[in-house]
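No value in this document is a laboratory result; all are computed from the given coordinates. Keep in mind that what you see is a predicted model, and the values were worked out from it rather than measured. No Cβ is skipped: glycine too gets one built from the backbone with ideal geometry, and neighbour counts run over all protein chains shown.
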Amino acid sequence: MNFIFDSTGWGAKFDMPFAVVSRYIKECTGEQLKVLICAFAGPRVTDSAALSQMSGLSEEEVIAALNYWQERGAIILNGTQSLKVPAPVGEETPHIFSGKNEPVSLVESVRPSHSVPGKRVKVNYSNKEIADKINSDKNLQWLVGEIEKTMALTNISNGEIADLIDLCEVYRFDVKTIVMAACYCADAGERTVHNLYKKMTKWHDDKGICSFEDVENEIINTNLRNEFRSKVLRAFGMENKPSTNQKNYISSWHEKGFKLELIQLAYDKCMDNKAKISFSYIDGILNKWAQKGIDTVEKVSENDRSFSESYGPAGNKSGQEHSFDLNEVKDLTRNSDLVYKRKD
């Protein structure tokens, strides 16, 4: 029976030594083959724990399989040394992967895994190694050229190229994703590879962001948050840069879906009652409204009118005097952020 295979729908590919198929595939075990596939598909700098998680095998099985393939010349680990099985619990375990550079092809990843090894090793490339990578990899050539154009860099350094290689090979971002992030940084005035590298690695490590779709969504959401923050600050008449605490309040209002006109009304009430801006006070008003299901300016007006009608012009249902400040009680009921004071 004849077959015609088409694997283009799976996206990214990686190289596998032909000798593995022609010489060893008949004699190797399934576990050994799984480890080899994971090793070639994953980042060049990794460790036995990451390969164990990826393959579903124990670290001892991973290390045994890697030694098997090293002995047959399919891979080179840390130069020429064989790996050692981890020491028993309680004993010091030697570091396994040194991070020494070995050649590897640069391939684009369509949907990388979100699993992140606990420790990442940044590789130090020599000028010759960087030049060899650029000359042999068209993806890297295209990436460097696009970064130079996007960030208006006239002479990108070898150190900056090394950062781009790190984003590709260690963090598994594909080149189109890196260029998209570079456009975002350039629009924000951050026209350095260092800022790009710092931002993308933070996205990856803090939020598990690694694919094109992940980065695109993060950029969209960040732009929406920034736009919302600018509108709130303009509504408050704030020209100075907000503090971290104030930014956190505004971010929480955005996440909770508070409308700008509702925030503006809460601000007005804050100024009427306190004569100065207080983000905590405004936050208390908004959360109280949310608890009551009040999500429009009209509903706020209805709530205020209903409250006033219930208490009447004299300030209470019976029209009798009380030994406390009625205005404060109203504010306490509506906004739950004023201190109760009794009259002497």
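The table that follows gives values for the structure above.
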| quantity | calculated |
| --- | --- |
| Peptides ranked, highest mean first, by Cβ atoms within 10 Å: ranges 250-262, 55-67 | 55-67, 250-262 |
| For region 138-168 and region 170-200, distance of Cα centres in Å | 10 Å |
| Dipole of region 127-210, positive end: most advanced residue of ILE156, ALA181, LEU140 [Cβ charges, Cα centre] | ALA181 |
| Cβ-placed point charges (K, R +1; D, E -1), dipole of region 136-242 about Cα centre in debye, nearest 20 | 500 debye |
